[in-house]
1. Which sequence of Thr166, Thr115 reflects their accessible areas, 1.4 Å probe, from the largest down?
2. Using the Cα centre of region 1-80 as the reference point, and only Cβ charges (+1 on K/R, -1 on D/E), how large is the resulting charge dipole? Debye, rounded to the nearest 20.
3. For Thr151, what accessible area in Å² do you get when you roll a 1.4 Å probe over the heavy atoms of the protein chains, rounding to the nearest 10?
4. Could I get the Rg over Rh figure for region 35-88? Both from C-alpha atoms, Rh via Kirkwood, rounded to two places.
5. So which residue, out of Gly109, Gly117, Gly173, gets the largest mean-square fluctuation from a GNM of the chain using Cα contacts under 10 Å as springs?
6. How much of the calculated P(r) for region 81-186 lies past 17 Å, in percent of all Cα pairs?
7. Of Arg88, Arg112, Arg119, which has the most accessible area with a 1.4 Å probe, and how do the rest follow in descending order?
8. In square nanometres and to one decimal, what's the mean projected area of the convex hull around the Cα atoms of the chain?
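The values are calculated or read from the model by the stated rules, or taken from the named source; none is laboratory data. Computed from a predicted model, the values in this text were never measured in an experiment. We place every Cβ from the backbone using ideal geometry, glycine too, and count neighbours over all the protein chains shown. Areas reflect the complete protein model, heavy atoms only, side chains present, ligands, DNA and RNA absent. Shrake-Rupley method; radii C 1.70, N 1.55, O 1.52, S 1.80 Å.
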Amino acid sequence: MFTGIVEEVGVVTAITTEDGGVDARVSVKGPLVVSDAALGDSISVSGVCLTVTGLPGDGTFTADVMPETLRRTALGGLAAGSSVNLERALRADARLGGHIVQGHVDGVGVLRSRTPGPRWDDLVFEVGPDLARYIAEKGSVAVSGVSLTVTQVAQDSFGVSLIPTTLAATTLGGLTPGALVNVEVDVLAKYVERLLQAGEVVR
């Protein structure tokens with residue numbers, strides 16, 4: 001589990017396809033997140049929970065990216081040199097500074113517009129109606145692993161406002177319209193819907 005509070009911006013050092021291109025192996029430089037990492041640990045890479053499979057000892061880690069992950073996230077568009085948001089899994093004795101983020105991406109959004117403010121930027125992301133229905137105004141959403149508060153919701157989009165810290169300390173500060181992002185909605189919304197569906201079946 002994660003909180004959506006990015007610890008550092010890492011850089012993809014290599015990405016290679018495996019098994020004819022259906023899955024991949026990625027190497028990421030992130031000195032902070034690997035400082036106490038062990039094989040098998042979970043690290044959020046732009047919102048995607050990946051398992052550490054290699055620690056060369058040079059400030060990088062490697063992870064395998066399965067076909068399902070490539071289908072459901074924007075990681076397939078990464079290349080050597082790409083910047084990614086990194087966060088280690090939450091410790092049980094740590095503060096939950098953002099919101100509960102699983103690292104299980106629900107879909108890919110597209111940056112529709114960006115409006116600069118005096119000290120902040122307002123961003124609008126386009127998502128499918130099947131995803132937008134889980135997003136609520138003033139609720140929480142994870143965008144490429146960053147915990148954000150929703151400022152507006154439409155049938156096929158949602159908006160957020162980025163404070164100076166978020167602009168400076170995450171990859172969201174450099175996004176331009178058309179950029180793809182990983183979107184994870186609040187897990188509570190999905191479970192509420194599932195329970196309601198189960199209730200209808202029982203009745």
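1. Values: Thr166 25, Thr115 75 Å².
So, going from the largest accessible area down, we get Thr115, Thr166.
2. Values: 4 positive and 10 negative charges, 42 e Å.
So the dipole magnitude of region 1-80 works out to roughly 200 debye.
3. Accessible area of Thr151: about 50 Å².
4. Details: Rg = 11.1 Å, Rh = 11.8 Å.
Here Rg/Rh amounts to 0.94.
5. Gly117
6. Details: 2813 of 5565 pairs.
The proportion of pairs with Cα distances above 17 Å equals 51 percent.
7. Working: Arg88 60, Arg112 105, Arg119 165 Å².
Correct descending sequence by accessible area is Arg119, Arg112, Arg88.
8. One quarter of the hull surface, i.e. the mean projection, equals 12.9 nm².
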